[in-house]
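The values are calculated or read from the model by the stated rules, or taken from the named source; none is laboratory data. Everything quoted here is computed from the prediction, not taken from an experiment. With ligands, DNA and RNA removed, areas are computed over all heavy atoms of the protein, side chains included. Shrake-Rupley method; radii C 1.70, N 1.55, O 1.52, S 1.80 Å.
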Amino acid sequence: RQHEGPRRVKRAWVIPPISVSENHKRIPHLLVQIKSDKQQPGGVIYSIKGPGVDEEPLGIFSIDKFSGKVFLNALLDREENDHFRLKAFALDLGGVTLEDPTDLEIIVVDQNDNRPLFRQDVFTGHVVEGAEPGTCVMTADATDADDPDTDNAALRYSILEQGAGSAFSINASTGEICTARPGLDRETVGVYNLTVQAADMSGDGLTTTATAVIYLEDVNDNPPEFTKEEFSMEVEEQAAGVDVGKVFVHDKDLAGSPNWLAKFTILEGDPEGAFAIRTDPYTNDGVLSVAKPLDHEVRDRFELTVSVQNERPLEPGVPASPRALANVRVRVRDVNEAPIFRENPRRVSVLEGAPPGTLVTTYTASDPDTRQLQTLTYSLVYDPADWLQLDPHAGTVRIKRELLHPTAFLQGGWYIALVLAHDDAEPPLSATGTLSIEILEVNDHAPVLQPPAGVVCGRPGRGGHLLLGATDDDRPPHGAPFHFQLSPQHPQLTRNWSITRFNGEMTHAVLAVLAELPVGPYSLPLLLRDSGTPPRERQELLNVSVCHCGREGTCEDGVLAATAAGAGVTLGALMIILGSTVLLLALVGLGAARARGRRRALRKGLLQCSRDDMRDNILNYDEQGGGEEDQDAYDINQLRHPELFSVRVKPPLRRDAPLSSPSVAPRKLPSGPSDIEDFINEGLEAADSDPSVPPYDTALIYDYEGSGSVGSPLSSIVSSLTDDDQDYDYLSEWGPRFRRLADLYG
């Protein structure tokens, strides 16, 4: 219905807020009765809508539609819904609204049905040891789900248990935990476990507990201390870099922290720095080691004063410990030590060519073990020329024999030998000394003229000079500079010849013609002298060939000059020339003989009509000139009856072939005498193409030549290049077997 102007709500239809306690157990419970005075009783229909009725949560509230009574049908939880706002309706029996909808507010009254809850089960905090009282560590706070405006959520905190001493306190209202007294010592108690309680109703209601763990952080308030005042150790002499022993310390501070790590110092007793001390990072003990080799014979005991302190300084006010110093006694044990060559290498000098028995030196070693009675013996372990002799007891070195060809064993003019000295201890030890012997050069060789011959023009100033040199087997300073001069025994030579210095080093000189000389050979006696002490000299003949001079100062007729110069060639050079000529001729003859032998082996039908058998004996010549000294003949029956020897087990060894020559598969033997020519030609071709066979005239050793054929000679080493050059008349003198050859070639 539409009404004009505001409408006054009747007092009976206005419903005040309704309060109901949560967790109300008498269900259903009448909350209120609503009533409209529009019609007489029994003629109004009531209804409610909203959360708890037709909205979530459903079914909490209901209404009697005829009486208007509102009922609570379920338990309420204020922590879930602290109030409900519903709408109430009044309708007539025909469904027409009698009153405007009115609000029905239901307030849920809180009950103390929730305990306090700590935000975490275990609280962790840290505080340095020795902290001042009142130093706060952490806050252990809790919450309560009940109404914070009531005592149901009014919390109070307390410490139920913390061990002896009551070291900490807690703020009852905030839960903040602080130190309560001085003197917290981590080394006494490092961790505190507190049981903290929170209670609502201002401490009189529900309670809950939690654990607070407080760690004391370490400070360097404890100096390190040695476990005892004196330590004793032993070490062998000559041992460097080895550990001698440990000095043990104790520190109450936190292990592994800088407040705990120790640092050691050797204060006294080691002025030479023979020892070193370091910290074991795992045990914090001091490790004493040898920094320099110790010598029992020099010093057999050490007394060291060692101090210890932390890497981090102590806290102010912490006194130093009287046990921060310790005495360390080290005894050095004697062991066998190797001999020592005090002078190594020993350098001495010996004159070149010194005779056997000459004293070189006395090379001995010393034994460091002065407190042990030991004997040293000596031996040569390196003497490349077997030149020296060593006394095994005295160490005296003498020359055993003359050193031939010393340059083969010298290194920069020095001869190097190694001497071994060993003691007789158990176990024995040895040392090696180097003996360097300088071979002092002796001027025992005179210079030799180079070259011993030459050619000059016979006209002064126009090529009439020859450059002369010399060699000397002696080393400096007994060699160059050389002095060249014409022999003083022949003063007449100075009229036609002169010798002048060529260079500043005086290693060469110039022979010059002073007067025009006729062409021909000349022998000039020269005197050569070196610069040794004393100097050595030699008189030699210089063979000079004088030739006609051309316009430019050179010899006009080279052939004549060479021929003339040959008169002055030495015997050695002449022998070399003759030997080379003979060798060349032999090679030419060998090549020609081989070519001749190849042609004769290819000739067809040779001696086919002969009735005489030429093959009584075929000799195997390993080389030219084998002759009758080589009697390894072939069995002639293989040539006469090939059918009986058609199977070969193994080919004969070519003794004129190298060992590494490749193996050649055996060739198939001919089936009849008519094939012997092809058999021989194939063998010759195989021999010519074999690179491993030397070029001997016996190109191939035939072990088969066929039946019924006449074998031609395999060697033509004495044959000439053509048949016309050879005289075969002498064949008629050899008997009836060679008559046919004489008829053919005679």
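Observations
- Gyration tensor (Cα) of the stretch 225-333, equivalent ellipsoid semi-axes in angstrom: 28, 13, 11
- In this entry, the stretch 138-204 is assigned a mean projected area of 4.8 nm², taken as a quarter of its C-alpha convex hull surface.
- Within the accessible area of the stretch 117-217 (1.4 Å probe), percent carbon and sulfur: 45 percent
- Counting all C-alpha pairs of the stretch 174-214, share separated by more than 11 Å (%): 73 percent
- When you restrict to C-alpha pairs under 8 Å that are six or more residues apart and normalise by the size of the stretch 346-440, the relative contact order lands at 36 percent.
- With all protein chains kept in place, the per residue accessible area of the stretch 28-124 amounts to 56 square angstrom at a probe of 1.4 angstrom.
- Fully extending the segment from D280 to E556, taken as 0.36 nm per residue of separation minus the present Cα-Cα distance, adds 89.5 nm.
- The stretch 68-135 versus the stretch 313-338: alpha-carbon centroid distance in Å: 76 Å
- Alpha-carbon Debye profile of the stretch 18-109, log10 I(q)/I(0) at 0.16, 0.17 Å⁻¹: -0.62, -0.69
- Accessible surface for the stretch 176-268, divided over its residues, is 46 Å² per residue with a 1.4 Å probe.
- Within the accessible area of the stretch 448-547 (1.4 Å probe), percent carbon and sulfur: 55 percent
- Sorted largest first, extent of the stretch 346-440 alpha carbons per principal axis (Å): 45, 23, 18
- Accessible surface area normalised per residue over the stretch 448-547 is 51 Å², counting heavy atoms of protein chains with a 1.4 Å rolling probe.
- Note on the stretch 448-547: Cα-Cα pairs beyond 21 Å make up 30% of the total pair count.
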